[in-house]
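All remarks here apply to the structure that follows.
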Amino acid sequence: MTLENKIVLVTGIGKGIGYEIFKNCVSNAEYTYGITRSKKDYQKLKKQFKKKNCQIFFGDIKNINLINKIIFYSKKKRKRINCLVNNAGERQRQDFLKLNKKNIKNIFENNFFSHFFLTQKIVLEFLKQKKNNFSIVNIGSIVGVNGFSGLSGYASTKQALEGFTKSVAVELASKKIRVNIVHPGFIKTSYFENFKKKRRKIYNWTLSRIPLKEWGNSSDISNVVYFLLSDNSKYITGQSIICDGGWISG
């Protein structure tokens, strides 16, 4: 399984799952673009991946000028994008009865609308090349599949992303563009150690609910994404893949 001839754009690469996906693609794809809106992470990544087969951009994916900049750079570099991973987003924990229109608008702007219009822009650019074989992978969450207390706004964005994935997959299939979504469960990202230490009771509860009795690693999600970007998954589109240690089934 290889990402030969794959030129990938990954959003939200600063840490956790996005970082692992980006690192994996840099090691295996023909070329990789990454976006982070954290200046600290941007500076760290620029040093780490210096002279690697990639280009890192600083900014927010809601900024159309940034997207145009990436597209222009890809043309100039002659490394035009044929794979997209929509990973950027943020969590929102708030009681349903306390949510207001501004709260909902903000979480949808970050977790759904930004992905929707970035995907549209990149696909339109890809179609100008009159080529086929484009793979898009959206990163959802089991929160959008199963529902969690205090996460109704966040869950709504992830469920919207699922509907978007399935509809666009059907609409773009004739153009040989595949679209899938991966739903991570409890993953050891940057907040894991603090969560385990300060919220021990809830942490133990999550372990009791996971049939495999452990939290996953970012690499577990990255490996699924890698497969979906590769030609080994060329007959898979419109699918939701849950990577959660069995949580949903347990």
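The values are calculated or read from the model by the stated rules, or taken from the named source; none is laboratory data. Just so it is clear, the structure is predicted and the values come from calculations on it, not from any experiment. Neighbour counts run over all protein chains shown; Cβ positions are idealised from the backbone, glycine included.
Write out, first by first residue and then by second, each pair whose Cβ atoms fall under 7 Å of each other, whose residues are 6+ apart or on separate chains, and whose first residue, in the range 41-61, is more than 12 Å from TYR19 (Cβ to Cβ) while the second is in a loop (DSSP other than H, G, I, E, B).
GLY59/ARG37; ASP60/ARG37; ILE61/ALA88
State yes or no: is ASN53 closer than 18 Å to PHE113 by Cβ and surrounded by fewer than 17 Cβ atoms within 10 Å (Cβ to Cβ)? First the steps, then the outcome.
Numbers: closer than 18 Å to PHE113 by Cβ: no; surrounded by fewer than 17 Cβ atoms within 10 Å (Cβ to Cβ): yes.
Considered against the rule, which asks whether it is closer than 18 Å to PHE113 by Cβ and surrounded by fewer than 17 Cβ atoms within 10 Å (Cβ to Cβ), ASN53 comes out as no.
Every residue in the range 130-154 that is of a type in the set (A, V, I, L, M, F, W, C), buried (at least 22 other Cβ atoms within 10 Å of the Cβ) and within 19 Å of ILE107 (Cα to Cα), please.
ILE139
Restricting to the range 218-250, name every residue that is in a loop (DSSP other than H, G, I, E, B), in contact (Cβ under 8 Å) with a residue 40 or more places away in the chain and either over 18 Å from GLY144 (Cβ atoms) or within 24 Å of the chain's Cα centre (by Cα) (or both). Spell out the reasoning first.
Filtering the range 218-250 for residues in a loop (DSSP other than H, G, I, E, B) gives 230, 234-239, 244-250.
Right, trim to in contact (Cβ under 8 Å) with a residue 40 or more places away in the chain and you get 230, 234, 236-239, 244-245, 247-248, 250.
Those that are in a loop (DSSP other than H, G, I, E, B), in contact (Cβ under 8 Å) with a residue 40 or more places away in the chain and either over 18 Å from GLY144 (Cβ atoms) or within 24 Å of the chain's Cα centre (by Cα) (or both): SER230, LYS234, ILE236, THR237, GLY238, GLN239, ASP244, GLY245, TRP247, ILE248.
Could you say whether any residue in the range 167-179 is among the polar types (S, T, N, Q) and touching a helix residue (DSSP H, G or I) at 6+ places or on another chain (Cβ under 9 Å)? Give the derivation first.
Residues of the range 167-179 that are among the polar types (S, T, N, Q), as a first pass: 167, 174.
Subsequent filtering for residues that are touching a helix residue (DSSP H, G or I) at 6+ places or on another chain (Cβ under 9 Å) retains none.
No, every residue in the range 167-179 fails to be among the polar types (S, T, N, Q) and touching a helix residue (DSSP H, G or I) at 6+ places or on another chain (Cβ under 9 Å).
Is there a residue in the range 128-150 that is within 14 Å of the chain's Cα centre (by Cα) and charged (D, E, K, R)?
No, because not a single residue in the range 128-150 is within 14 Å of the chain's Cα centre (by Cα) and charged (D, E, K, R).
Against the conditions (1) surrounded by 12 or more Cβ atoms within 10 Å (Cβ to Cβ); (2) more than 21 Å from PHE164 (Cβ to Cβ); (3) in contact with a Leu (Cβ under 8 Å, 6 or more places away or on another chain); (4) not small (Gly, Ala, Ser), where does ASP60 fall short? Just the number, please.
(2)
Which residue is farthest from ASN111 (Cα to Cα), if the candidates are limited to the range 41-81 and must be assigned to a loop (DSSP other than H, G, I, E, B) and of a type in the set (Lys, Arg)?
Result: LYS51.
Restricting the search to the range 175-206, which residues are assigned to a loop (DSSP other than H, G, I, E, B) and touching a Ser or Thr at 6+ places or on another chain (Cβ under 8 Å)? Show your work before the answer.
First, pick out the residues of the range 175-206 that are assigned to a loop (DSSP other than H, G, I, E, B): 176, 185-186, 188-191, 199.
Within the range 175-206, PHE186, LYS188, THR189 meet the criteria.
Does the range 87-120 hold any residues that are in contact with a helix residue (DSSP H, G or I) (Cβ under 8 Å, 6 or more places away or on another chain), farther than 19 Å from ILE181 by Cβ and in a helix (DSSP H, G or I), and which are they?
PHE96, ASN103, ILE104
Go through the range 1-40 and give me each residue that's of a type in the set (Val, Ile, Thr) and not in a helix (DSSP H, G or I). Talk me through it step by step, then tell me what you get.
We begin by selecting, within the range 1-40, every residue of a type in the set (Val, Ile, Thr); these are 2, 7-8, 10-11, 13, 17, 21, 26, 32, 35-36.
Passing the criteria: THR2, ILE7, VAL8, VAL10, THR11, ILE13, THR32, ILE35, THR36.
Going through the range 18-51 one residue at a time, which ones are closer than 28 Å to ASN132 by Cβ and among the hydrophobic types (A, V, I, L, M, F, W, C)?
Answer for the range 18-51, where residues must be closer than 28 Å to ASN132 by Cβ and among the hydrophobic types (A, V, I, L, M, F, W, C): ILE21, PHE22, CYS25, VAL26, ALA29, ILE35.
So which residues in the range 154-209 are of a type in the set (Asp, Glu) and without any contact (Cβ under 8 Å) to a residue 24 or more places away in the chain, if there are any at all? Talk me through it step by step, then tell me what you get.
Kept after step one, since they are of a type in the set (Asp, Glu), are these residues of the range 154-209: 162, 171, 193.
Hits for the range 154-209 are GLU171, GLU193.
Tell me, please, whether a residue that is under 13 Å from the mean Cα position of the chain (by Cα) and either of a type outside the set (D, E, K, R) or at pLDDT 95 or above (or both) can be found in the range 71-78.
Pass one, the range 71-78, residues under 13 Å from the mean Cα position of the chain (by Cα): none.
No, the range 71-78 has no match at all.
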